[in-house]
Amino acid sequence: EVLINQIAAGEVVERPASVLKELLENSLDAGSKAIEVQLTQGGIKQLRITDDGCGIDKEDLALALERHATSKIASLEDLEAVGTMGFRGEALAAISSVARTKITSRARGASHAWKVSERDHEPMPAALNGGTVVEVEDLYYNTPARRKFMKSDSTEYGHCDDAFRRVALARPEVGFQLSHNGRVNLRLAPGDAERRAREILGDDFMEQARVVDVAASGLRLFGFASLPAYARSNRDGQYFYVNGRFVRDKIIQHALREAYADILHGNRHPAYALFLELDPAGVDVNVHPAKTEVRFREGRAIHQFVFHALTRTLAAPVQ
Ligand code: ADP
Ligand code: MG
């Protein structure tokens with residue numbers, strides 16, 4: 001059990017992309033409509049996220065980096081011990097234990113902003129028009145054993161780009177921007193699901209994609225799925241969400257593979273942006289906080305539904 005906790009805690013802050021995912025989720029939780037991400041050296045040197053959300057007031061800011069920590073976490077062993085307390089409210093505390101972390105935030109209605117850092121949890125007055133800026137620098141500067149597991153800047157950037165796209169695809173009503181080493185790589189204006197899918201998966205995907213929209217017995221699957229002629233040689237364009245959360249689930253993947261089995265040949269992979277919605281009671285999304293697993297109560301029914309919804313959509317004659 002101790003071992004499981006240690007492994008799990010390490011995975012919450014596995015690499016820059018996992019930090020980015022947590023920070024993006026926090027910004028979205030805060031009701032942000034515009035989120036800007038600036039990365040330096042794959043996010044290892046710096047990861048900066050600016051949002052226009054509700055902000056954090058002075059009292060909460062004082063606790064944001066230590067909410068559940070009884071003392072300052074300085075070693076890898078301490079970080080792993082954090083896992084025993086569970087993951088709710090642990091992200092910022094965990095991140096700030098392995099990276100130089102600053103939060104500047106101005107709560108709505110506050111006369112000015114406040115700022116805290118991993119070294120000083122006492123808020124200091126700061127300047128900011130609104131929202132929150134989180135800066136995470138020198139990931140694992142104090143835990144060389146972990147630092148060794150990070151790959152090259154470009155590999156880590158690639159993982160950050162993946163994490164960013166996964167979040168952005170599911171939230172088309174929010175504007176996002178991603179830059180790396182001072183250069184803007186992705187600028188996503190707020191819009192509808194179709195426009196966002198086009199931006200994330202590309203024009204050539206969208207030109208041929210089938211619109212999926214099937215509902216039955218409390219389940220709904222909607223989104224876009226490629227026709228066989230479009231199939232890619234890799235799995236990059238595969239996005240599946242359950243109640244808005246990106247998942248990579250065995251049951252779902254099997255259902256999709258089956259739906260494409262007779263129409264895709266060789267080493268070809270479909271691309272899709274699909275959103276499954278169901279009663280939250282029918283799915284456990286907290287199998288692991290940093291992973292993409294879920295557990296369905298009625299796995300067979302979900303499999304059947306996804307398989308049939310897709311088979312029917314792909315087989316429909318072209319209008
Ligand atoms: P959790 O998200 O599970 O509560 P975190 O450690 O990720 O835990 O964040 C701690 C708290 O800090 C959040 O509950 C929230 O109140 C506040 N917070 C973090 N990021 C932001 C943000 N970008 N905007 C507003 N509040 C934030
Ligand atoms: Mg969080």
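Just to verify a result, which residue in region 251-289, among those that are part of a helix (DSSP H, G or I) and either modelled with pLDDT under 90 or out of contact with any helix residue (DSSP H, G or I) (no Cβ under 9 Å at 6 or more places or on another chain) (or both), is nearest to Glu22 (Cα to Cα)? Across region 251-289, the extreme among qualifying residues is Pro280. Is it the case, given these coordinates, that Val184 is more than 27 Å from Leu23 (Cβ to Cβ), out of contact with any Gly (no Cβ under 7 Å at 6 or more places or on another chain) and outside any helix (DSSP H, G or I)? Judged against the criteria, Val184 is not a match. When region 26-52 is filtered for residues that are surrounded by fewer than 23 Cβ atoms within 10 Å (Cβ to Cβ) and near ligand 1 (Cβ under 7 Å from one of its atoms), the ones remaining, listed by number, are Asn26, Asp29, Ala30. When Glu66, Glu11 are checked against the criterion of being modelled with pLDDT under 90, away from ligand 2 (no atom under 12 Å from the Cβ) and within 16 Å of Phe149 (Cα to Cα), Glu11 stands alone in meeting it. If the condition is being touching an Asp or Glu at 6+ places or on another chain (Cβ under 9 Å) and in contact (Cβ under 8 Å) with a residue 40 or more places away in the chain, then region 202-239 contributes Val211, Gly218, Leu219, Arg220, Leu221, Phe222, Gly223, Phe224, Tyr230. Assigned to a strand (DSSP E or B) and either hydroxyl-bearing (Ser, Thr, Tyr) or at pLDDT 85 or above (or both), is that true of Ser105? Yes, satisfied. With respect to (1) in a strand (DSSP E or B); (2) out of contact with any strand residue (DSSP E or B) (no Cβ under 8 Å at 6 or more places or on another chain), the lone exception for Phe222 is condition (2). Exactly one residue out of Ser97, Ser105, Ser152 is away from ligand 1 (no atom under 15 Å from the Cβ) and either among the aromatic types (Phe, Trp, Tyr) or in contact (Cβ under 8 Å) with a residue 24 or more places away in the chain (or both): that is Ser152. Residues in region 213-258 that are more than 27 Å from Arg187 (Cβ to Cβ), aliphatic (A, V, I, L, M) and touching a Leu at 6+ places or on another chain (Cβ under 8 Å): Val214, Ala215, Leu219, Leu221, Leu227, Ala231, Val242, Ile252, Ala255, Leu256. Being in contact with a helix residue (DSSP H, G or I) (Cβ under 7 Å, 6 or more places away or on another chain), of a type in the set (Lys, Arg) and closer than 22 Å to Ile56 by Cβ is the requirement here; does Arg146 meet it? It is false that Arg146 is in contact with a helix residue (DSSP H, G or I) (Cβ under 7 Å, 6 or more places away or on another chain), of a type in the set (Lys, Arg) and closer than 22 Å to Ile56 by Cβ. Quick check on Lys21: is it under 19 Å from Ala168 (Cα atoms), within 12 Å of ligand 1 (Cβ to nearest atom), under 17 Å from the mean Cα position of the chain (by Cα) and not aromatic (Phe, Trp, Tyr)? Criteria met by Lys21. The residues on offer are Asp279, Asp236, and the sole one that is over 21 Å from the mean Cα position of the chain (by Cα) and acidic (Asp, Glu) is Asp279. Put simply, of Leu178, Leu221 the only residue that is of a type in the set (A, V, I, L, M, F, W, C) and over 20 Å from Gly42 (Cα atoms) is Leu221.
The values are calculated or read from the model by the stated rules, or taken from the named source; none is laboratory data. These numbers were taken from a predicted model, which means no experiment stands behind them. Please note: Cβ atoms are built from the backbone with ideal geometry, for glycine as well, and neighbour counts cover all protein chains shown.
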